[in-house]
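Nothing in this text is a laboratory measurement; each read-out follows from the coordinates by a stated rule. Predicted model only: the values in this text are computed from it and were never measured. For neighbour counting, all protein chains shown are included, and Cβ atoms are generated from backbone atoms with ideal geometry for every residue, glycine included.
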Amino acid sequence: MHFVSDNLKWSIQSSEYINKHIYFTARRDRCLRQDGVVVDPYYVVELPTAATAFALTEDDKVLMIRQYRHPIGEVILETPGGFVDEGEDFATAMKRELLEETGYAFSEVEYLGKMAANPGILNNYTEMFLAKGGKKIADQQLDHNEELQIVLLSIEELVEEVRKQSIKQSVHTNCVLYALMRLGRLTFSR
């Protein structure tokens, strides 16, 4: 693939924090493009790295969750996941989130890649995993602001939910698609 120019990276001339909170840190940057144009203001929301997984139980069911997402005012179907604690290994964070949110432990956790949900304003990535061999070993250990319903679906049922656009969180849809490709359950023809 040929690109016209690789000189597209901006330099930050100054930054000012507007708000600092673990879940919502916002800053105003003054940036300089390579062609000399100043971009001011440019707002950036800083978030911790997140992790999510396509989680298969030992009896080949896909473990999904349903929860209310206040910013969009809807109860939506999602893959389990959450923020990675500072200094925590991504795979370890994923195993922790799976256990906390669902009570399931997994024998295998395989890395699928990472996605930026909205790189026009958000600075974080979500690390995506395929978890296999899930077994219920504990009760949910939810954060004070979490209320989750566990949903077990066959792969065929989940594919139908993707077709119906039931998974509203774009990174979670990507995680499902990457996992299905890794499992050989989704192929593309020419």
Problem - Contact order normalised by residue count of the chain, Cα under 8 Å, 6+ apart, percent - result: 21
Completion exercise
If each K or R counts +1 and each D or E counts -1, the residues other than residue 163 whose Cβ falls under 12 Å of its Cβ total -3
Completion exercise
At R0 = 22 Å the Cβ-Cβ FRET efficiency linking residue 66 and residue 141, nearest 0.05, sits at 0.80
Problem - Over the chain: helical MRE at 222 nm, DSSP H runs n ≥ 4 each giving -39500 (n - 2.57), nearest 500 - result: -5500 deg cm²/dmol
Fill in the blank from the handout: A student asked for the Cα radius of gyration and Dmax of the stretch 50-182 in angstrom ought to give 13.7, 40
Completion exercise
Note on the stretch 69-133: alpha-carbon gyration tensor, axes a ≥ b ≥ c; rule is a/c under 1.5 for rounded, else prolate if a/b larger than b/c, else oblate; result oblate
Handout entry: Qualifying trypsin sites (Lys or Arg not before Pro) in the stretch 116-170, DSSP loop, other Cβ atoms within 10 Å at most 10
Key = 164
Completion exercise
With Cα springs under 10 Å, the Gaussian network model of the chain assigns the largest mean-square fluctuation among 77, 98, 180 to 180
Problem - Rough spin-label spacing in nm, given labels placed 7 Å along Cα→Cβ, for residue 39 and residue 154 - result: 4.8
Exercise for the section: Using per-residue counts of other Cβ atoms within 10 Å, averaged over each peptide, order 143-152, 50-59 from highest down. Expected result: 50-59, 143-152
Exercise for the section: Let me know the shape class of the stretch 35-99, please: from the alpha-carbon gyration tensor, a ≥ b ≥ c as square roots of the eigenvalues, rounded when a/c is under 1.5, otherwise prolate if a/b is greater than b/c, or oblate. Expected result: prolate
Practice task
Find how much the distance from residue 105 to residue 74 grows on full extension, using 0.36 nm per residue of separation minus their present alpha carbon separation; answer in nm with one decimal.
Solution key: 8.3 nm
